Amino acid sequence: METLTSDQLTKKKCLPCEGGVQPYTAAESADQLGQLDGWYLTHEGQRIRKDWTVRHFMAGLDFFNRVAEVAEEDGHHPDLHIAGYRNVSIELWTHAIGGLSENDFILAAKIDRIPIDRKPDVQ
């Protein structure tokens with residue numbers, strides 16, 4: 001699978017996946033993650049995740065609402081987590097194949113373009 005830049009990924013649309021597609025290998029996932037800021041592998045390389053610290057609880061919910069709009073538009077839905085009232089995380093994987101597909105990296109790149117009200121001095 002070809003490694004794409006973040007800009008190239010954001011120009012693509014997630015394609016429906018009902019299985020029958022091989023998940024990315026660990027090497028393919030690592031190569032593609034090199035194009036995304038702050039995302040990392042979890043669940044033995046079957047998912048990608050990113051964490052943020054937001055200014056306050058409502059900032060996290062606002063961010064999740066904007067993520068939900070983008071995800072719904074692409075028909076690819078992440079797991080959204082909020083803990084400690086301002087620690088937010090997003091996990092992506094393609095359920096139908098039990099691993100990572102191009103869709104996960106497309107949505108991750110699009111999520112990275114969504115403004116987020118972060119806690120000061122936190123990247």
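Placing unit charges on each Cβ (+1 for Lys and Arg, -1 for Asp and Glu) gives the chain a dipole about its Cα centre, and among Cys17, Ser6, Ala27 the Cα reaching farthest toward its positive end belongs to Ser6. Please identify the trypsin sites (Lys or Arg not before Pro) of segment 23-123 that satisfy two criteria: DSSP loop assignment and at most 15 other Cβ atoms within 10 Å. Which are they? Loop-located and lightly packed - Arg55, Arg113. Under the combined filter of DSSP loop state and at most 10 neighbouring Cβ atoms within 10 Å, segment 27-123 retains these GluC sites (Glu not before Pro): Glu44.
Placing unit charges on each Cβ (+1 for Lys and Arg, -1 for Asp and Glu) gives segment 48-123 a dipole about its Cα centre, and among Phe64, Ile106, Ile82 the Cα reaching farthest toward its positive end belongs to Ile82. Amide H contacts of His76: none lie under 5 Å away among residues 5 or more positions distant or on a separate chain (H built 1.01 Å from N in the peptide plane; Pro and chain starts excluded).
Report relative contact order for segment 48-110 in percent, whole number only (criteria: Cα-Cα under 8 Å, sequence separation at least 6). So the answer I get is 38 percent.
Just need the relative contact order of the chain here, percent rounded to a whole number, with Cα pairs under 8 Å and 6+ apart. Relative contact order, the chain: 36 percent. Rounded if a/c is under 1.5, else prolate if a/b beats b/c, else oblate: with a ≥ b ≥ c from the C-alpha gyration tensor eigenvalues square-rooted, which is the chain? Verdict is prolate for the chain.
Computed per residue of the chain from DSSP H runs no shorter than four, each worth -39500 (n - 2.57), the mean residue ellipticity at 222 nm is -10000 deg cm²/dmol.
With the simple model of a label 7 Å out from the Cα in the direction of the Cβ, Ala68 to Thr5 spans 3.4 nm. Excluding same-chain neighbours fewer than eight residues apart, the lysines reachable from Lys11 by a Cα-Cα span under 25 Å are Lys50, Lys110. Dipole magnitude for the chain: computed about the Cα centre from +1 point charges on Lys and Arg Cβ and -1 point charges on Asp and Glu Cβ, it is near 380 debye.
Here, each number is a calculation from the coordinates, and none is a lab measurement. Only a predicted model underlies this, so the values are computations on that prediction, with no experimental measurement involved. Here Cβ is always computed from backbone atoms with ideal geometry, including for glycine, and neighbour counts include all displayed protein chains.
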